[in-house]
1. Answer yes or no as to whether A:L320 is more than 10 Å from chain B (Cβ to nearest Cβ) and open to solvent by 30 Å² or more (accessible area, probe 1.4 Å).
2. Taking interchain pairs and intrachain pairs at least six residues apart, which have beta carbon atoms under 9 angstrom, with the first residue in the stretch A:141-162 and open to solvent by 50 Å² or more (accessible area, probe 1.4 Å) and the second of a type in the set (D, E)?
3. Given (1) part of a helix (DSSP H, G or I); (2) open to solvent by 60 Å² or more (accessible area, probe 1.4 Å); (3) not hydrophobic (A, V, I, L, M, F, W, C), identify the lone condition not met by A:E216.
4. Taking the options A:A405, A:A395, name whichever one is part of a helix (DSSP H, G or I) and surrounded by fewer than 18 Cβ atoms within 10 Å (Cβ to Cβ).
5. Does A:D52 satisfy the condition of being charged (D, E, K, R) and surrounded by 15 or more Cβ atoms within 10 Å (Cβ to Cβ)?
6. Quick one: is A:L238 surrounded by 15 or more Cβ atoms within 10 Å (Cβ to Cβ), assigned by TED's automatic domain parsing to the domain that holds A:N341 and not acidic (D, E)?
7. If A:Y367 satisfies all but one of (1) part of a helix (DSSP H, G or I); (2) at the interface with another protein chain (Cβ under 8 Å from one of its Cβ atoms); (3) in contact (Cβ under 8 Å) with a residue 40 or more places away in the chain, what's the number of the condition it fails?
8. Within the stretch A:263-302, can you find the residues that are within 17 Å of A:I246 (Cβ to Cβ) and of a type in the set (K, R)?
Amino acid sequence: MLRFLTRRILLALPTVLGIVLITFFLFNVVGGSPASNVLGQNASPQALADFDARGGYDLPLFLGRWTKNRALPDVDFAAAAPSELARWHADPDGLHLAPGAELDLPLYFPLPAGNTWRLDLDVTAGALASPDSLPATFPSDAPPRLVAGPDGATLAAIRLRRATRGLFDSQLVRYFRELAHLDFGISTSLNRPVAAILLAGIGPSLLLTVPILVCELLLSLTLALWCAYFHGRLLDRLLVAVSVAIMSINYIVFIILGQFFLGFKLHLFPVWGFESWANLLLPVLIGTFTGLGSSVRFYRTILLEEMNREYVMTARAKGLPTSRILFRHVLRNALSPVVTNVVLSLPYLYTGSLLLESFFGIPGLGYLSINAINSSDFVTIRAIVLVGAVLCTLANLLADVALAAVDPRVKLS
Amino acid sequence: MTDAPATASSSPWRQLWASWPTRLCLLVVLLFTLAALVAEVARDYYLLRDLTPPWQQQDISAAYLPPSLHHPCGTDGLGRDVLLRLLQGARISFLVGIVSSLIAIPLGVLLGLLAGYYGKWLDEAVVWLCTTFAAIPGLLFVLAIALVVGKGLLGVFVALGLTTWTSTCRLIRAETLRHRSFGYAQAARALGFSSPRILFRHILPNVAHVALVSFTLRFPGAIGTEVFLSFLGIGVQNEPSWGTMLSSARLRLWQGVWWELTAVTIAIFLVVLAFNLLGDALRDALDPRLRSRPQT
């Protein structure tokens, strides 16, 4: 058992690594800095740079000695926008400096103190008197002044880079380091540590999802047993038809109609809020009902499959009543897929129900996720996705272990 | 759905055609396709002529009209005809189902074939990728991808395509693994055929039904996810889709405007039901063994 457990845990490690890499790839590599999304289109370059520095978005992605900055974004005059050309008084051929002309770099804001910088220029004609060698390195407080040589100079592109604290001073390494400390960063929309937000959201989510899980399991198993007992007869067909119908009605419609009729028209339940247990009744009811369709069908398939086994035939031949076969033999043997299914759905307890929580104002993780998405809060979403995925991996592991514990045949394979 | 025993002599297609619910479902899917095509042509016509299409024409004096002969599904808050908007929504749903399948299914089939056939490190890499992608909770992953890619249809396509290929990949991989050891594959190898030829000319046709079943069974999910994303406002923008219609109909329901919600609900229900039943029937006819695996 111990060997099985160790091997299974070792097998899960690459998955966890993959999850971390996928979230990093998605949010940092593809998504990039969310600064302008969060701060708005009119934010100053200084504010954007401060945002980047807080979130580590000003570092190279994987590794690197040098990194871009917002004080002087890269400019390639041949491809630059007209506004950029106007800022530099340049044309698409380049920036023309008259003989001996001097130019201070048009920085958006003073360079952050305590850094080393590197300036690289593409000189296409003439030469510069200063800086005399390219690329030029300099400290934050002494940005170089460009001085054209006696023949003037034409610059095609200008690139300013900040030195990182080392080759591994990168976003990826920072991400790993933060995760190792269980630090999920600071939410950009709520300005609080994401770890604290997640902890606060788990409670309300569980209050909603645990009752849904339990009710759904009990109800759907009972109904599936009825289906198996009356297999092929009217009740079975009716239940299957209703299940497919429930599966085909959109989830959102269920919530809208449930809220409207049961909450608003009939006044059976409170419509919105999170003050007492009564607030949870309607969302639990809706959540249970919508999940019923697919789980009844799933459990019915499992039970029927089990009923086709030879031991059931033997039991039938012995003359056992169907109910006894069903409860004493089939249910017991069908338990392992049921357990697997339940364990695998455990992580969804954590992610909560995205829509139910927003519709009913339950301040859980689902509600949080929707809010974070509406305010482009990459940090929070990244953390929620990551934790959810790691929990799924853990649940997978747990399911395997539970299965091995319940069913000795599993260990051998 | 129907557990009718398959006679060995009848072809799966004939068996499918023999049951009237399946024929009905096929009819609904056909009508849905037709509606989407008509909506596409109409949209292109108005785009080409640079006219405001009738489903965008606002007429405040005709707002909130209940269903009538002139407006069979009534009008919405800006006086736009709900039926025409419903047709445009069908176009979006169809597009989402097809395009996301065009991303997910080739990806899943290709990786599954390669992993199942070549095995070794390739198999391990694909299984690792599959496990990792499958570990991320589906809806959250879709939301995250849509958020990063940006609002709009492209985000919906990419999000759906990148999150749903794993189940197809697993099924194809398992099937390829089985077929690799079959006599016909061994014979092909003994004849000295190249691996790609065996894989794509011999094995692929024998496992292709898995892709067809996957396609049909994932369509309802794709439609549902588009509705979900558009409902939240990160899906389709400035165009009528079933999700955006649901989102506006939701607020109007409280004022007693029931027809928009009803129309959208019925449309989604019929299409999703038809695809669900058709997918089940296809699976049962083509490969009942696929049934025992849990659905995602």
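The values are calculated or read from the model by the stated rules, or taken from the named source; none is laboratory data. Remember, predicted model here, so these are calculated numbers, not experimental data. With ideal geometry, Cβ positions are generated from the backbone for all residues, glycine too; neighbour counts draw on all protein chains shown. Each accessible area value is taken on the protein alone, full model and side chains, heavy atoms only, with ligands, DNA and RNA left out. Shrake-Rupley method; radii C 1.70, N 1.55, O 1.52, S 1.80 Å.
1. On the way: more than 10 Å from chain B (Cβ to nearest Cβ): yes; open to solvent by 30 Å² or more (accessible area, probe 1.4 Å): yes.
Criteria met by A:L320.
2. If the second residue must be of a type in the set (D, E), the pairs left are A:P143/A:D104; A:R145/A:E102; A:R145/A:D104; A:R159/A:D74; A:R159/A:D76; A:R159/A:D120; A:R159/A:D122.
3. Only one criterion in (1) part of a helix (DSSP H, G or I); (2) open to solvent by 60 Å² or more (accessible area, probe 1.4 Å); (3) not hydrophobic (A, V, I, L, M, F, W, C) is unmet by A:E216, namely (2).
4. Only one candidate qualifies: A:A405.
5. Judged against the criteria, A:D52 is a match.
6. Spelling it out, it is not the case that A:L238 is surrounded by 15 or more Cβ atoms within 10 Å (Cβ to Cβ), assigned by TED's automatic domain parsing to the domain that holds A:N341 and not acidic (D, E).
7. (2)
8. Result: A:R297, A:R300.
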